[in-house]
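Only one structure is covered here, and it is reproduced in the block below.
The values are calculated or read from the model by the stated rules, or taken from the named source; none is laboratory data. Because the structure is a prediction, the values reported are computed rather than measured. FYI the Cβ positions are ideal-geometry reconstructions off the backbone, even for glycines, and counts take in every protein chain you see. All accessible areas refer to the heavy atoms of the entire protein, side chains included, with ligands and DNA or RNA removed. Shrake-Rupley method; radii C 1.70, N 1.55, O 1.52, S 1.80 Å.
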Number of protein chains: 2
Amino acid sequence: MPLNALGRDIPAFIEGYGKVKPYRGAFVLQPSGNVVGPRLRVTNADRTDKVLPGLKAAIAASGLKSGMTISFHHHLRDGDSVVNQVIDACAEMGIRDLTIFPTALFGVHRHLIDHITSGVIAHIWGSVNGPIGQLISAGGLGAPAVLRSHGGRPRAIMCGDVHIDVAFMAAPSCDRYGNMNGVQGPSACGSLGYAFTDCQYADCVVAVTDNLVPYPNAPISINQTCADFVVAVPSIGDPAGIVSGTTKVTRDPLRLLIARYASRLIEASPYFQSGISFQTGAGGIALAVTAFMKEAMLRKGIKGSFGLGGITSYFVDLLREGLVDKLLDVQSFDLGAVKSIAEDPRHVEISADMYANPWNRGAAVNMLDVVILGATEVDRDFNVNVNTEADGALLHGIGGHQDTAAGAKLTIIAQPLLRGRIPCVTDTVYSVTTPGECVDAVVTEYGITVNPRRADLVEACRGIRDAPVISMDELADKARRMSGPMDPVETTDRIVGVIEWRDGTVIDVVRQLKKK
Amino acid sequence: MPLNALGRDIPAFIEGYGKVKPYRGAFVLQPSGNVVGPRLRVTNADRTDKVLPGLKAAIAASGLKSGMTISFHHHLRDGDSVVNQVIDACAEMGIRDLTIFPTALFGVHRHLIDHITSGVIAHIWGSVNGPIGQLISAGGLGAPAVLRSHGGRPRAIMCGDVHIDVAFMAAPSCDRYGNMNGVQGPSACGSLGYAFTDCQYADCVVAVTDNLVPYPNAPISINQTCADFVVAVPSIGDPAGIVSGTTKVTRDPLRLLIARYASRLIEASPYFQSGISFQTGAGGIALAVTAFMKEAMLRKGIKGSFGLGGITSYFVDLLREGLVDKLLDVQSFDLGAVKSIAEDPRHVEISADMYANPWNRGAAVNMLDVVILGATEVDRDFNVNVNTEADGALLHGIGGHQDTAAGAKLTIIAQPLLRGRIPCVTDTVYSVTTPGECVDAVVTEYGITVNPRRADLVEACRGIRDAPVISMDELADKARRMSGPMDPVETTDRIVGVIEWRDGTVIDVVRQLKKK
């Protein structure tokens, strides 16, 4: 079996996935040719109402057949009921062997397990958080799950790696001609960023809404020129699972310490200056970094330019207080963010393509100064794993990890060195999500560990007085000493997960766990 | 020579245009296959500034060569200086034989005449208002001008009829990474609707701005994923020519009478009810119709849904007064409209594709109840000419005429029967822009003339008490009596203009005028 550029053992062909393009480096592969062209489908002047009486009518009208590919977005998160409703309807209509192409699946989608077992769903290409991930790790899906980053996914659609037959788009607000937004209605979720490319490239788009409004809907996130059919259902989801009331900064003293160290690194870096931009996501440590940075910005009189990515109320506060000028929002994490994107024109909805696609004319991640990311593991080469847990189970998606790490000028992994007795820093990660060449520093409760590739940052850290600086070897040795020997993960040879780098090459695979 | 479906004599091949697809009817041709895919061009993470030092640097970087096709939008109207600046630079760089593909040219572009004469410009595909039209009518361009409607133009790009090598996009506001809007800066023009499809499909996009703002610009009309290069110039145009201070309702009693009759027709039609939508453009009569309709709506307690198309302050007033819910704006005609689209989220910018493309999944014109349009001539079959004047000169573009006529449920041509002694209603129009099957009524100072195809409207007009109803034959006879015999236009055989129907078939051609 060939080794890819990170020395991972990847077969040239994977059953249920196809021919493998091996990972060659973060920025090596460059495309040529053209983006694919979507199917021409005409709605003539005499058809002024795209509403069909129900999901089954829309599935029939869409031409969906067994063996086809259907896509979904995950903006309704753990409150989503559209995926389950659509697959139930397909099952009742005798449609089988589907490839589902969601941006992500959550706990609520454990409902799909029966459809996987019965053969309605044959392939899952998307993030598999939680129960479906457990099922796949145990070998419960006939073909490997294919994981792509938030930027890799639209790239895959636009470059023809994935052809969507029908996109079923949960729309918190939609008119009879298919103009959608995510900011109005009982299931408001804020940005619809992940859904844009699906709607632009699918052969057929079915908007599914529980809030059918008079034409024309406004604001318009995804417009009528994409939509073939509209279906009104009683509910597209459970508001309690769609957005959390608030995302919360960690109160754990250890995690606060890590956040403080990460903040010191940022302050010491050349990027802590007027116009700084950053992404912190919704993790507890990262949110605490935001709070510390805010203090530092106020103290030094620095104003930032933009906050990027998944947006929380903490970023909304920064916007309101004038500490950043704009928010670029691909996913609104909490009620405060949903409200802000609906009301504040400086809070801008962006597509996943604009957010993170490596192969367009410039994604927002390229403009990013600092990103704070998490990890389940980091190795001595700074390679990061976010997909599998220490027990080898495939439980997490890639999200924007690869994209922001590749784009940002300063990529920081902020994570405790140990969780229980499981080390976060190891000799070799169990699977690679993001290569070490895109990771600039790891920050743990033991201090700041800079990637030696970044001699400039190593130098900048010499001035830091109130945070320890520790080398990767020291850190890894410490982790090994503290955790003691770990049982190796036992797997079969069968590949159950394929992790693509954002350019479509395969950076790693995940194998089926042996039964214990 | 074959005759097309309207009996117009069109050759199967036109020198400088190519093979002709003859017009077959307004809704006959239906496409299959796929939209074209734009060129993949990557801006990698290490390039965070797309600004080049000037137009010549951008032209060089774009790879523009002699014989290629470049596009422009006309949102700066008679104030535009970008077209002239770009062509001057091309000329100085020795680039020749260009096809220019503007949405429209205006008086200010008479500057291009020297570049046409010297061979820098070989083809013009776009509306040629004024001096360039005069030049072309006299045979001053080596190849025919190709006229397309606002919807036919994006269709032609998306279906591959026109391939844009480089789009030069005048951007009233732009950041260093290419996020553009039209609502900010000294050259604010409002909607950038006509520019969207060019930016999505051109091999290379150069944003030209006189208002370079910090990243990220907001609002974003056309985003960074489209833009290859950004050039800052001292000025992109003269504000006085970009937007008029205000568009004005006619004060001419004859035109006011026509507007009142048209308003009566609308009131008598089945569309005058809650939720009515309409487009009136910026013509004096049409604006007066808006004023009369407003009175009628207030009188009868009717509220409309949306106003469409080129938007004026009159429509902004309707929005503010709650007489329409939304404005869908492809072009902002006056300062009031520019201000409103910048501030009011119910005033929505739409692309020409969404406005009027006949071959997408549903254009806004399809949702339109009533449109008021002008004409230079209408014939007994209700065919309309808007492109040529009575002397045969090609002086006007198609605009949204074809698209709204094809889409709206009630298409009204409102025009005086005579202008001077030139009749507006004739036996046969000199050139056909819009076929009679899309025209429901002609309203003149002599009353309402309904197309007999619309038996329902003929019936509805029986109830009108305060406006005369007159048949087309009576009207045409009256026009002929009043105008007396007209001198026939004398032309050579050479075709100087090709008028495409919105589906890309040729509905008519315009021939070179004989020297007098």
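What the table shows:
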quantity	calculated
Filter result for B:D391 (among the acidic types (D, E), away from every other protein chain (no Cβ under 14 Å) and either under 24 Å from B:C189 (Cα atoms) or open to solvent by 20 Å² or more (accessible area, probe 1.4 Å) (or both))	yes
Residues of region A:478-495 that turn out to be over 30 Å from A:K19 (Cα atoms) and open to solvent by less than 90 Å² (accessible area, probe 1.4 Å), as a count	5
Cross-chain or 6+ apart pairs with Cβ under 9 Å, region B:453-477 first and open to solvent by 60 Å² or more (accessible area, probe 1.4 Å), then part of a loop (DSSP other than H, G, I, E, B)	B:R453/B:F382; B:R453/B:D440; B:D456/B:S269; B:D456/B:P270; B:V469/B:R462; B:D473/B:R380; B:E474/B:Y446
Where A:V166 falls short, out of the listed (1) open to solvent by less than 10 Å² (accessible area, probe 1.4 Å); (2) touching a residue at least 40 places away in the same chain (Cβ under 8 Å); (3) within 13 Å of A:S351 (Cα to Cα)	(3)
Residue in region A:177-188 that is away from chain B (no Cβ under 14 Å), of a type in the set (G, A, S) and within 30 Å of A:W501 (Cβ to Cβ) present	yes
Cross-chain or 6+ apart pairs with Cβ under 6 Å, region B:292-317 first and among the β-branched types (V, I, T), then not in a helix (DSSP H, G or I)	B:I302/B:S274; B:I311/B:L327; B:I311/B:D329; B:I311/B:S332; B:T312/B:T247; B:T312/B:A282; B:T312/B:F333; B:T312/B:D334
Long-range neighbours under 9 Å by Cβ, at least six apart or interchain, first residue over 18 Å from A:A26 (Cβ atoms) and assigned to a loop (DSSP other than H, G, I, E, B) within region A:496-516, second of a type in the set (S, T, Y) and open to solvent by 10 Å² or more (accessible area, probe 1.4 Å)	A:K514/A:T491; A:K514/A:T492
Test: residue in region A:15-32 that is surrounded by 13 or more Cβ atoms within 10 Å (Cβ to Cβ), under 30 Å from B:T411 (Cα atoms) and in contact (Cβ under 8 Å) with a residue 12 or more places away in the chain	no
Meets criteria (out of contact with any helix residue (DSSP H, G or I) (no Cβ under 6 Å at 6 or more places or on another chain), of a type outside the set (S, T, Y), closer than 24 Å to A:G407 by Cα and not in a loop (DSSP other than H, G, I, E, B)) for A:E474	no
Residue satisfying condition, being among the polar types (S, T, N, Q) and out of contact with any strand residue (DSSP E or B) (no Cβ under 7 Å at 6 or more places or on another chain), within set B:S313, B:S274	B:S274
So A:S277, is it farther than 15 Å from A:V370 by Cα and either surrounded by fewer than 20 Cβ atoms within 10 Å (Cβ to Cβ) or in contact (Cβ under 8 Å) with a residue 40 or more places away in the chain (or both)	no
Residue match in region B:64-71 (condition: open to solvent by less than 20 Å² (accessible area, probe 1.4 Å) and out of contact with any strand residue (DSSP E or B) (no Cβ under 6 Å at 6 or more places or on another chain))	no
Condition broken by B:I341, with the remaining ones in (1) open to solvent by 10 Å² or more (accessible area, probe 1.4 Å); (2) among the β-branched types (V, I, T); (3) more than 14 Å from every other protein chain (Cβ to nearest Cβ); (4) in contact with a Gly (Cβ under 7 Å, 6 or more places away or on another chain) satisfied	(3)
Residues being outside any helix (DSSP H, G or I) and within 14 Å of another protein chain (Cβ to nearest Cβ) - total across region B:309-321	2
Answer from A:S81, A:S62, A:S71 - the residue that is more than 30 Å from A:F333 (Cα to Cα) and in the same structural domain as A:A167 (by the TED database)	A:S62
Search result, residues across region B:37-80 that are in a loop (DSSP other than H, G, I, E, B) and more than 14 Å from chain A (Cβ to nearest Cβ)	B:P53, B:G54, B:G63, B:L64, B:K65, B:S66, B:G67, B:M68, B:H73, B:H74, B:H75, B:L76
Some residue of region A:229-244 being in contact (Cβ under 8 Å) with a residue 24 or more places away in the chain, of a type outside the set (A, V, I, L, M), in contact with a strand residue (DSSP E or B) (Cβ under 8 Å, 6 or more places away or on another chain) and farther than 24 Å from A:L105 by Cβ	no
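Every residue, every condition in (1) over 23 Å from A:H347 (Cβ atoms); (2) open to solvent by less than 10 Å² (accessible area, probe 1.4 Å); (3) among the hydroxyl-bearing types (S, T, Y), yes or no:
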site	(1), (2), (3)
A:C189	no, yes, no
A:T197	no, yes, yes
A:P214	yes, no, no
A:N217	no, yes, no
A:P234	yes, no, no
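Every residue, every condition in (1) at pLDDT below 95; (2) assigned to a loop (DSSP other than H, G, I, E, B); (3) within 23 Å of B:A5 (Cα to Cα); (4) within 14 Å of another protein chain (Cβ to nearest Cβ), yes or no:
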{"site": "B:A405", "(1), (2), (3), (4)": "no, no, yes, yes"}
{"site": "B:I413", "(1), (2), (3), (4)": "no, no, yes, no"}
{"site": "B:I448", "(1), (2), (3), (4)": "no, no, no, no"}
{"site": "B:P452", "(1), (2), (3), (4)": "no, yes, yes, no"}
